[in-house]
1. Report whether or not Arg98 is within 18 Å of Ala26 (Cα to Cα) and touching a residue at least 12 places away in the same chain (Cβ under 8 Å).
2. Quick check on Lys61: is it in contact (Cβ under 8 Å) with a residue 60 or more places away in the chain, within 30 Å of Gln12 (Cα to Cα) and charged (D, E, K, R)?
3. From the set of residues in segment 76-95 that are over 13 Å from the mean Cα position of the chain (by Cα) and touching a residue at least 24 places away in the same chain (Cβ under 8 Å), which is farthest from Arg22 (Cα to Cα)?
Amino acid sequence: MAALASTRSRKQKVDFSNIYYRSRHALVSLEGYLRSRDLGYQTLGIRKSSVQARYANDLRKDLPNLDIMAYDTLSEAFSALEQGQVEGLIVEAHISERYLGLYPAYQAQIIPSDEPTGCAIALAKNSPLRRDINTALADIKASGEMEQLINRWFD
């Protein structure tokens, strides 16, 4: 369940549960410095192999002058931002909140998206467990436990 995104290529190999966590991309920069419309000639940092890395690389198709710097950890990415090596970061919105507490000069702005992104559980094709897992996920969300888990593990 490690924050697995349900992509088209993955759906060819496995089935997925319903999405249990909706993620959003956030643009982190000095307060008021960058807006998502200003990205064309910027250098942005991302965490390697993240959903945000894939998103940033997709942005390059429309913004060929966008420069992406990949870091092994978000701590390294935020250090690069603080040192001026990048103008901004693309980070999962909920996770950005934790780091913004450590870097008060920065702010996060949600990047509008037409495609919902989120995490789901990968299952073997035609798994009989899919319905039970979806029911359990719905129960966990309805009880408020999902929000508690997100706050615990994303903080």
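The values are calculated or read from the model by the stated rules, or taken from the named source; none is laboratory data. Computed from a predicted structure; not experimentally measured. Every residue, glycine as well, gets a Cβ built from its backbone with ideal geometry; the counts of neighbours run over all protein chains shown.
1. Values: within 18 Å of Ala26 (Cα to Cα): yes; touching a residue at least 12 places away in the same chain (Cβ under 8 Å): yes.
Yes, satisfied.
2. Details: in contact (Cβ under 8 Å) with a residue 60 or more places away in the chain: no; within 30 Å of Gln12 (Cα to Cα): yes; charged (D, E, K, R): yes.
Spelling it out, it is not the case that Lys61 is in contact (Cβ under 8 Å) with a residue 60 or more places away in the chain, within 30 Å of Gln12 (Cα to Cα) and charged (D, E, K, R).
3. Looking only at segment 76-95, we keep the residues that are over 13 Å from the mean Cα position of the chain (by Cα), and these are 76-88.
Still in the running and touching a residue at least 24 places away in the same chain (Cβ under 8 Å): 77-78, 80-81, 85-88.
Numbers: Ala77: 23, Phe78: 23, Ala80: 27, Leu81: 26, Gln85: 30, Val86: 27, Glu87: 26, Gly88: 22 Å.
It comes out as Gln85.
Conditions tested, residue by residue: (1) modelled with pLDDT of 85 or more; (2) within 20 Å of Ala5 (Cβ to Cβ).
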{"position": "Ala26", "(1), (2)": "yes, yes"}
{"position": "Arg37", "(1), (2)": "no, no"}
{"position": "Glu82", "(1), (2)": "yes, no"}
{"position": "Val86", "(1), (2)": "yes, no"}
{"position": "Ile95", "(1), (2)": "yes, yes"}
{"position": "Tyr106", "(1), (2)": "yes, no"}
{"position": "Asp114", "(1), (2)": "no, yes"}
